Amino acid sequence: MRYIKLFESFSTDGESKSLSEIDTICQKFGITNYTVNSDGSVDVDGDVNLSYKGLIEIPLKFGKVSRGFYCQDNSLNGLEGAPREVGGHFICDGNRLTNLEGAPIEVSGNFFCGYNKLITLEGAPRLIGGNFDLYGNPICKIYNLFPDHKSFMYSLDYNYLRGTSIVRSRFQEALDELDIELPESISGYKYI
């Protein structure tokens, strides 16, 4: 299924795609049961699997995906175009991500972003219904200080990360809130 629009093109992040181009991209990647919204974003009733395609960017702007969204093992530098909401798991392991800007706001299942180059979690979903796995990223050295992903995500509200720098006083406040001792140093990061 798809939404038929009376005019010919949709603007997505300054780039215009026609309904025909969107249909072609969906067909190429085996995306079915989709609706094209008036803003050119694509809602999908089901899974979207863009894994192992050699992608450097997500080829469409997605809105809602009712099940899982999989884009692991590509060469993605960013998640622009990823869905706002995912009803299942979101997996973007094995890319080149240094942050999570463009990631969904809400993921009902697990959120896996391991084996990237994450030094910050800017753009991370605010609601994750399942597990949050970022194994194999530089930021794990900070993440592993916390007892679970919810306390780690809560700690980010203290705004202590600045790339590979940590604002020591803000980090101390976040750790004090959870009775965690401030480490003398964290490999790959410096206190400011």
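Any chance you could count how many residues in the range 98-128 are in a loop (DSSP other than H, G, I, E, B), aliphatic (A, V, I, L, M) and at pLDDT 95 or above? Residues in the range 98-128 being in a loop (DSSP other than H, G, I, E, B), aliphatic (A, V, I, L, M) and at pLDDT 95 or above: 4 in total. Return yes when K53 is closer than 24 Å to S18 by Cβ and surrounded by 20 or more Cβ atoms within 10 Å (Cβ to Cβ) and no when it is not. It is false that K53 is closer than 24 Å to S18 by Cβ and surrounded by 20 or more Cβ atoms within 10 Å (Cβ to Cβ).
Please work out which residue is surrounded by the most Cβ atoms within 10 Å (Cβ to Cβ), limiting yourself to the range 73-100 and to residues that are out of contact with any strand residue (DSSP E or B) (no Cβ under 9 Å at 6 or more places or on another chain) and at positive phi. Across the range 73-100, the extreme among qualifying residues is G94. The residues of the range 129-142 that are within 19 Å of Y191 (Cβ to Cβ) and outside any loop (DSSP other than H, G, I, E, B), listed by number, are C140, K141, I142. Taking the range 67-93 as the range and being touching a residue at least 60 places away in the same chain (Cβ under 8 Å) and touching a Phe, Trp or Tyr at 6+ places or on another chain (Cβ under 7 Å) as the test, only G81 passes. A single member of F29, F10 is at pLDDT below 95 and hydrophobic (A, V, I, L, M, F, W, C), and it is F10.
Table: residues versus (1) touching an Asp or Glu at 6+ places or on another chain (Cβ under 7 Å); (2) more than 19 Å from A124 (Cβ to Cβ).
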site: T35; (1), (2): yes, yes
site: S51; (1), (2): yes, yes
site: I56; (1), (2): no, yes
site: K61; (1), (2): yes, yes
site: G68; (1), (2): yes, no
site: N77; (1), (2): no, no
site: L97; (1), (2): no, no
site: L100; (1), (2): yes, no
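Looking across the range 94-131, the residues that are without any contact (Cβ under 8 Å) to a residue 40 or more places away in the chain and touching a Cys at 6+ places or on another chain (Cβ under 8 Å) come down to N95, L97, L100, A103, C113, N116. Every listed requirement among (1) modelled with pLDDT of 95 or more; (2) within 21 Å of N110 (Cα to Cα); (3) of a type outside the set (S, T, N, Q) is met by D148 save one, (1). Taking the listed residues E177, E181, the one that is more than 17 Å from N99 (Cβ to Cβ), surrounded by fewer than 18 Cβ atoms within 10 Å (Cβ to Cβ) and at pLDDT below 95 is E177, with no other qualifying. Here L145 does not qualify as crowded, with 22+ Cβ neighbours inside 10 Å, part of a loop (DSSP other than H, G, I, E, B) and aliphatic (A, V, I, L, M).
Between G46, G130, G123, the distinction of being surrounded by fewer than 22 Cβ atoms within 10 Å (Cβ to Cβ) and at negative phi belongs to G130 only.
The values are calculated or read from the model by the stated rules, or taken from the named source; none is laboratory data. Bear in mind the structure is a predicted one, so any value in this text is a computation, not a measurement. So basically every Cβ, Gly included, is an ideal-geometry build from the backbone, and we count neighbours across all protein chains shown.
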